1. What size of dipole, in debye to the nearest 20, comes out for the chain about its Cα centre when the only charges are +1 on Lys and Arg C-beta atoms and -1 on Asp and Glu C-beta atoms?
2. Taking θ = phi - 60°, what integer Hz values does the Karplus form 6.51 cos²θ - 1.76 cosθ + 1.60 yield along the range 2-17, in sequence order, with x for Gly and Pro?
3. If packing is taken as the average count of other Cβ atoms within 10 Å, what order do 51-62, 34-45 fall into, highest mean first?
4. Suppose a student asked you for the relative contact order of the chain, using Cα pairs under 8 Å spaced at least 6 residues apart; what percent would you report?
5. Using the Karplus curve 6.51 cos²θ - 1.76 cosθ + 1.60 with θ = phi - 60°, work out ³J(HN,Hα) for each residue of the range 18-28 in order, rounded to whole Hz, and write x for Gly and Pro.
6. Hey, could you get me the Stokes-Einstein D for the chain, Kirkwood radius over alpha-carbon pairs, 25 °C and 0.890 mPa s, rounded to whole µm² s⁻¹?
7. Probe radius 1.4 Å, ligands and nucleic acids ignored: give me the carbon and sulfur share of the accessible area of the chain as a rounded percent.
8. Roughly how many Å² is the accessible area per residue of the chain, as a whole number, for a 1.4 Å probe?
Amino acid sequence: MQISRILGATITAPTSTGAAVTVSDAQYVMIFNSAASGTNHAVAIQTAASGTTLGNVTVAGQERLIIKKDPDEVVYAANAAILLTPVNPMVVN
């Protein structure tokens, strides 16, 4: 289990590129797929809302992972089951 400092509120991921968010300008974002096991959803990181896609990842149902991004880069997902939380995995207390 990874321990991370929570830096802000968990939000539901926006589901369109034009609504993509910085997740409170976070450098590290914990992504959780709240859908049932076996239900995968894609998450994309972009330069800006409606911007260039820098990368994407498919998150399995009930999977949690942490990504690193620049504070001005934005995130959106294919489904609102994706939850986003700004974290700092380098600080645990």
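1. Taking the Cα centre of the chain as origin, the dipole is about 200 debye.
2. 8, 9, 9, 7, 7, 9, x, 6, 6, 10, 6, 5, x, 10, 9, 4
3. Packing proxy ranking, top to bottom: 34-45, 51-62.
4. Numbers: 246 pairs, mean separation 44.6, N = 93.
Answer for the chain is 48 percent.
5. Whole-Hz 3J(HN,Hα) from phi for the range 18-28: x, 9, 3, 10, 7, 6, 6, 6, 5, 8, 10.
6. 190 µm²/s
7. Carbon and sulfur atoms account for 51 percent of the accessible area of the chain.
8. Normalised by residue count, the accessible surface of the chain is 53 Å².
The values are calculated or read from the model by the stated rules, or taken from the named source; none is laboratory data. Everything numeric in this text was worked out from a predicted model, so none of it was measured. Using ideal geometry, Cβ is built from the backbone for each residue, glycine included, and neighbour counts are taken over all protein chains shown. The accessibility values were calculated without ligands, DNA or RNA, using every heavy atom of the protein model including side chains. Shrake-Rupley method; radii C 1.70, N 1.55, O 1.52, S 1.80 Å.
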